Amino acid sequence: MHAQSKSSTETRAKLPDKIRRVGIIGAGQMGSGIAHVVSLAGFEVVLNDLRPEAYEKAVGNITKNMGRQVSRGLIKDQDVQAAMKRISYAPAFEGLGECDLVIEAATEEESVKRKIFAELSPKLKPAAIVASNTSSISITRLGASTDRPERFIGMHFMNPVPLMQLVELIRGIATEDDTFALARGFVETLGKTIAVSEDFPAFIVNRILLPMINEAVYTLYEGVGTVEAIDKAMKLGANHPMGPLELADFIGLDTCLSVMQVLYEGLADSKYRPCPLLVKYVEAGWLGRKTQRGFYDYRGDKPVPTR
């Protein structure tokens with residue numbers, strides 16, 4: 001048994017000594033934010049999205065956000081020009097074949113992610129590491145849908161990626177030490193701070209944050225306070241920079257609901273039951289800022305509570 005595992009280790013492709021080229025799957029808010037910080041840190045970035053227009057939009061957002069950093073004196077114009085030259089587009093997974101690390105930043109739905117990993121794995125070089133930016137789903141389960149669970153890790157960036165300092169690193173049951181060490185070194189090169197989490201539903205940040213948001217929605221649902229009163233209470237009473245309902249709109253109510261469902265199903269505890277009002281808003285398609293309506297209506301000059 002021991003000899004067998006030793007020989008399989010010897011035949012396995014050696015990990016790259018360092019990461020040079022990074023693939024990112026999904027050119028949405030998270031994917032473009034990750035591309036921003038990774039390209040600025042000096043890595044080649046290959047951004048994959050089925051829709052060329054999503055890539056074009058991502059490039060526009062990255063350029064605009066780097067411009068803001070220039071105006072604040074955080075980076076120089078030449079840094080922006082160099083970083084933007086490092087970003088290229090891959091319409092299909094074949095374009096990620098030379099990447100040392102691929103970070104999946106697709107929608108927070110397990111079936112979608114598993115399908116991506118099953119299709120992606122054969123297109124990668126044997127030594128490549130695969131990471132998921134999932135905010136809640138089991139890394140062990142996702143890793144099992146690849147051909148390299150020992151090279152699979154959770155790398156959860158916070159939104160907005162260029163501003164937020166934290167990255168949660170999560171090992172699956174099969175993640176090997178050298179994979180973890182290489183991933184850790186990569187994240188530190190980006191200038192981010194790491195919190196290591198065990199592979200439990202929603203990890204650390206969302207295990208604490210999302211039930212608080214869900215409780216704020218229950219507080220609204222039960223008529224304890226209005227949208228404005230709840231947000232004002234937490235901003236001024238607990239010194240939060242954003243009220244919980246305002247934050248839910250920023251995150252996306254569909255994402256909030258997905259995380260609560262992962263917690264509820266994964267831990268089988270009634271305290272994680274998603275609030276029916278949160279479910280109703282998602283059913284209505286009122287998902288927050290990205291759809292112009294959530295707990296606030298963003299279609300006018302200033303946000304107006306919808307309840």
Query raised in the report: Hey, what do the phi angles of the range 290-307 turn into as Karplus ³J(HN,Hα) couplings, whole Hz, using 6.51/-1.76/1.60 and θ = phi - 60°, x for Gly and Pro?
Result: 5, 10, 6, 9, x, 6, 10, 9, 9, 7, x, 5, 9, x, 10, x, 8, 9
Query - Estimated distance in nm for a label pair at Ala144 and Ile208, the labels positioned 7 Å out from Cα along Cα-to-Cβ - result: 3.0
Query raised in the report: So, how do all the Cα-to-Cα distances of the range 155-307 break down into 10 Å bins, in percent, from 0 on up?
Result: 10, 35, 33, 17, 5, 0
Query raised in the report: What is the distance in Å between the Cα centres of the range 267-307 and the range 227-248?
Result: 15
Requested in this report: Would you look at the GNM of the chain, springs on alpha carbons closer than 10 Å, and say which of Ala216, Ala92, Ala238 moves the most?
Outcome: Ala238
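List the trypsin sites (Lys or Arg not before Pro) within the range 59-125 that fall in a DSSP loop (any state other than H, G, I, E or B) and whose Cβ has at most 13 other Cβ atoms within 10 Å. Before the final figure, lay out each step's value.
Details: sites: Lys64, Arg68, Arg72, Lys76, Lys85, Arg86, Lys113, Arg114, Lys115, Lys123; in loops: Arg72, Lys76, Arg86.
Sparse-neighbourhood loop trypsin sites (Lys or Arg not before Pro): Arg72, Lys76.
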Report summary line: Ranked by GNM mean-square fluctuation in the chain (Cα springs under 10 Å), the top entry among Ala248, Ala284, Ala174 is Ala284
Query - Extreme residue, positive dipole direction of the range 2-197, given options Asn48, Gly67, Ser32 (C-beta unit charges) - result: Gly67
Query raised in the report: What is the total of Lys pairs in the range 26-130 with C-alpha atoms under 27 Å apart, excluding same-chain pairs fewer than 8 positions apart?
Result: 14
**Report entry** Inter-centroid distance (Cα atoms) of the range 24-45 relative to the range 141-207, Å
**Finding:** 16
Query raised in the report: Quick one: if the Förster radius is 30 Å, what FRET efficiency do Lys64 and Thr306 give, using the C-beta to C-beta distance and rounding to 0.05?
Result: 0.60
Query raised in the report: Gaussian network model of the chain, Cα springs within a sub-10 Å range: biggest mean-square fluctuation belongs to which of Arg51, Arg289, Arg184?
Result: Arg51
Query raised in the report: What is the magnitude of the charge dipole of the range 2-197 about its Cα centre, with +1 placed on the Cβ of each Lys and Arg, -1 on the Cβ of each Asp and Glu, and no other charges, expressed in debye to the nearest 20?
Result: 240
Report task. Would you mind getting me the FRET efficiency between Leu277 and Glu119? Use the beta-carbon distance for r and R0 = 51 Å, nearest 0.05. Result -> 0.85
Query raised in the report: Do any GluC sites (Glu not before Pro) in the range 73-108 lie in a DSSP loop with no more than 13 other beta carbon atoms within 10 Å, and if so, which?
Result: Glu98
Report summary line: Taking N as the number of residues in the range 206-294, the ratio of its alpha carbon radius of gyration to 2.2 N^0.38 Å works out to 1.01
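Just to be sure I understand: if I project the alpha-carbon convex hull of the chain onto a plane and average over all orientations, what area do I get in nm²?
Numbers: hull surface 69.5 nm².
Directional mean of the projected Cα hull area for the chain stands at 17.4 nm².
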Query - Coil-residue GluC sites (Glu not before Pro) of the range 221-280, DSSP, other Cβ within 10 Å capped at 12 - result: Glu222
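Coordinate-derived values only; no laboratory data. Here the structure is a predicted model, which is why all the values come from computation and not from measurement. Cβ: placed from backbone, ideal geometry, glycine included. Neighbour counts: every protein chain shown.
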